[in-house]
Amino acid sequence: LKPVPAKAPDQPSGVTPAEAQRQADAAAAAAAATATKTALAAVTADAEALVAKAGAYTPASVQAVQAALATAKTVGANPAATPAEVQAALTALSKAVAGLVPAPATVKAGTVKITGTAKVGKTLKAKVAKWTSGTAYSYRWYAGSKVIKNATSASLKITKALKGKKIKVRVTGTKSGLVSTIKTSKATKKIK
């Protein structure tokens, strides 16, 4: 009886060292591709959550993320996607997410209410409350949908020309460093 030569413990029988190395490389590449696909799935989920925050980012930067998301989802769902395709999608999506630009802060609009009696000869006043502290206001009064000429103060003296009309006021709130906000009151009853 002849002794059987010992084979390497990590090398299956009948496999050459070159073939064993090729199999090991393929297994390593598959593991790397799986890790990259896992990273792509995580970044995709994060990007979807960020884009869902309506108004938090500028429209142009959100569009860039949405385009990269579409590609990432297609590549991520493709079982035949190459590691290079997965990596490219991951890189593009990561870059788009990093490029999200926060939307500029705006003046917080509180309430706009008209007080006073809706009758010829009386005065209506625009009352604002709960706006961003330090906001400056400008006013524009309307009879129905038409601008009332020269009516740009916080109060409006009701003239005969306004009889039978419903009055409303549009208030623009401005503050340095913030985007202005416009809010319009509810209309009054018809002027008597």
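The values are calculated or read from the model by the stated rules, or taken from the named source; none is laboratory data. A quick note: this is a predicted structure, and the numbers were derived from the prediction, not measured. Here the Cβ is made from the backbone with ideal geometry for all residues, glycine too, and neighbour counts use every protein chain on show. Just the protein is used for accessible areas: all its heavy atoms, side chains included, with ligands, DNA and RNA removed. Shrake-Rupley method; radii C 1.70, N 1.55, O 1.52, S 1.80 Å.
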**Request:** Confirm whether residue 127 is open to solvent by 40 Å² or more (accessible area, probe 1.4 Å) and either of a type in the set (S, T, N, Q) or out of contact with any strand residue (DSSP E or B) (no Cβ under 8 Å at 6 or more places or on another chain) (or both).
**Result:** no
**Complete:** Counting only residues that are in a loop (DSSP other than H, G, I, E, B) and either of a type in the set (Lys, Arg) or open to solvent by less than 40 Å² (accessible area, probe 1.4 Å) (or both), the range 100-115 contains a total of 6
**Complete:** Taking the range 36-66 and keeping residues open to solvent by 30 Å² or more (accessible area, probe 1.4 Å), within 12 Å of residue 92 (Cα to Cα) and among the small types (Gly, Ala, Ser) leaves 64
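Scan the range 116-151 for residues that are among the hydroxyl-bearing types (Ser, Thr, Tyr), under 26 Å from residue 162 (Cβ atoms) and outside any strand (DSSP E or B) and report the count.
2
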**Prompt:** Quick check, is residue 173 assigned to a loop (DSSP other than H, G, I, E, B) and either open to solvent by 30 Å² or more (accessible area, probe 1.4 Å) or modelled with pLDDT of 95 or more (or both)?
**Reply:** no
**Complete:** Given (1) at pLDDT 70 or above; (2) of a type outside the set (D, E, K, R); (3) within 30 Å of residue 75 (Cα to Cα); (4) exposed (fewer than 12 other Cβ atoms within 10 Å of the Cβ), residue 31 misses just (1)
**Request:** Give the residues of the range 58-79 that are more than 22 Å from residue 38 (Cα to Cα) and out of contact with any helix residue (DSSP H, G or I) (no Cβ under 6 Å at 6 or more places or on another chain), sorted by residue number.
**Result:** 58, 59, 60, 61, 63
**Request:** Take the residues in the range 34-62 that are of a type in the set (S, T, N, Q) and over 15 Å from residue 98 (Cβ atoms), then tell me which one is modelled with the highest pLDDT.
**Result:** 38
**Prompt:** Is it the case that residue 21 is out of contact with any strand residue (DSSP E or B) (no Cβ under 6 Å at 6 or more places or on another chain), at pLDDT below 80 and assigned to a loop (DSSP other than H, G, I, E, B)?
**Reply:** no
**Asked** Could you say whether any residue in the range 67-82 is part of a helix (DSSP H, G or I), buried (at least 17 other Cβ atoms within 10 Å of the Cβ) and touching a residue at least 40 places away in the same chain (Cβ under 8 Å)?
**Response** no
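For the condition open to solvent by 50 Å² or more (accessible area, probe 1.4 Å) and aliphatic (A, V, I, L, M), what is the one hit in 136, 118? Talk me through it step by step, then tell me what you get.
On the way: 118 fails: open to solvent by 50 Å² or more (accessible area, probe 1.4 Å).
On inspection, the qualifying residue turns out to be 136.
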